[in-house]
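The values are calculated or read from the model by the stated rules, or taken from the named source; none is laboratory data. Fair warning: this is a prediction, and the values are worked out from it, not measured in the lab. Neighbour counts run over all protein chains shown; Cβ positions are idealised from the backbone, glycine included. Ligands, DNA and RNA are excluded from the accessible area calculation, which covers all protein heavy atoms including side chains. Shrake-Rupley method; radii C 1.70, N 1.55, O 1.52, S 1.80 Å.
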Amino acid sequence: MNGIGRVCRRAAMRATGAMRALSAGAALSLGVAGVAGIAGIAGTGDAFAQASGGHAQPDAKSETASAIADYNAGNTRAALVQFRDAAERGDRLAQFDYAMMLLTGEGVSANVDEGLRWLKRAAGANMSQAQYVYGRMFDDGDFVARDPAEAHRWFLKAARQGHVQAELALANQFLDGRGTPRDNRQAFIWYKQAADAGEPTAQYVTASFYERGGDGVERNLNIARAYYAAAAAQGDETAALKYEGLSARLRAEHAAHEGGAHGASDASPHRTPQ
């Protein structure tokens, strides 16, 4: 393994560890259990329509919005009934939320098989969050048999739609050679995409690539420093230390360069005026 692989793999281990902590329960909390975020989508009109898929009938979208309101109010049974009805009428956001409730047993006894059926249906309807959660299950072996290649397929679908956590998961797979052949160049592409979207772990790993260079990445300490700074601004203490270290190193290099330039000027022969 080359230098960049070792450095970036150590950095990415932090991402993998953090994502492993996103266990089945935590991953599912991104659905209805984290419904405050969905409620925000519901309040934005166009964004809600996009999340719902744009193919559902207006009544189905309205019912999904009502289900979200009931869920937020703690009336999970009423929410479940409305999510199911809207899901059956083609609303993919309702399909996703209904799947989450079935899998976690909210408002009903848990039904994993039915939950997975609805989750796959939402993912197949091109809902990026459903694709990511479905892929996460295959990557971790939660509710389904572990299948990194199948996880890779769903992560790729979600990442191509700009789903940041899917981009990070995909980058980790390329770096580890899990579910796909190892490819540091592809790993960098996806880390950088997630980093540019503001993902702090991806910012740290992207900085590591630029710090070391290689695998198609031109070494650039100033860019590395900028990505470390971005991650540090989001509370990454290790990134803050790397930022300080690179800053000191660049200052020293600049001072040495300036000193060398002045020394060369002083040492040059002076011509006697004629």
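Quick notes on this structure:
- Ignoring lysines fewer than eight residues from residue 61 along the same chain, the ones with Cα atoms less than 23 angstrom from its Cα are 120.
- Tensor-based shape of the range 123-243 (alpha-carbon gyration tensor, a/c under 1.5 rounded, otherwise prolate or oblate): prolate
- Put 77, 89 in order of accessible area, highest first, and with a 1.4 Å probe you get 77, 89.
- What the phi angles of the range 196-210 give under the Karplus curve with 6.51, -1.76 and 1.60, with θ = phi - 60°, is a coupling list of 5, 8, x, 7, x, 5, 5, 5, 5, 5, 4, 4, 4, 4, 5 Hz, glycine and proline written as x.
- For residue 242, the lysines whose Cα falls under 21 Å of its own Cα, not counting residues fewer than eight places away in the same chain, are 192.
- For a modelled paramagnetic label at residue 110, 7 Å from Cα along Cα-to-Cβ, the residues of the range 116-155 in reach, with backbone nitrogen under 19 Å, are 116-120, 133-147.
- Viscosity 0.692 mPa s, temperature 37 °C, Stokes-Einstein D of the range 70-161 from Kirkwood C-alpha radius, µm²/s: 250 µm²/s
- Considering only 128, 112, 100, and ranking their Cα positions along the charge dipole of the range 49-158 that arises from unit charges at the beta-carbon of Lys, Arg, Asp and Glu, the one farthest toward the positive end is 128.
- Extension gain, residue 258-residue 219: 0.36 nm per intervening residue step, less the Cα-Cα distance, totals 11.9 nm.
- Between the alpha-carbon centres of the range 118-138 and the range 193-229 there is a gap of 29 Å.
- Probe 1.4 Å - accessible area at residue 170, Å² to nearest ten: 0 Å²
- Rounded to the nearest 10 Å², the accessible area of residue 191 at probe 1.4 Å: 0 Å²
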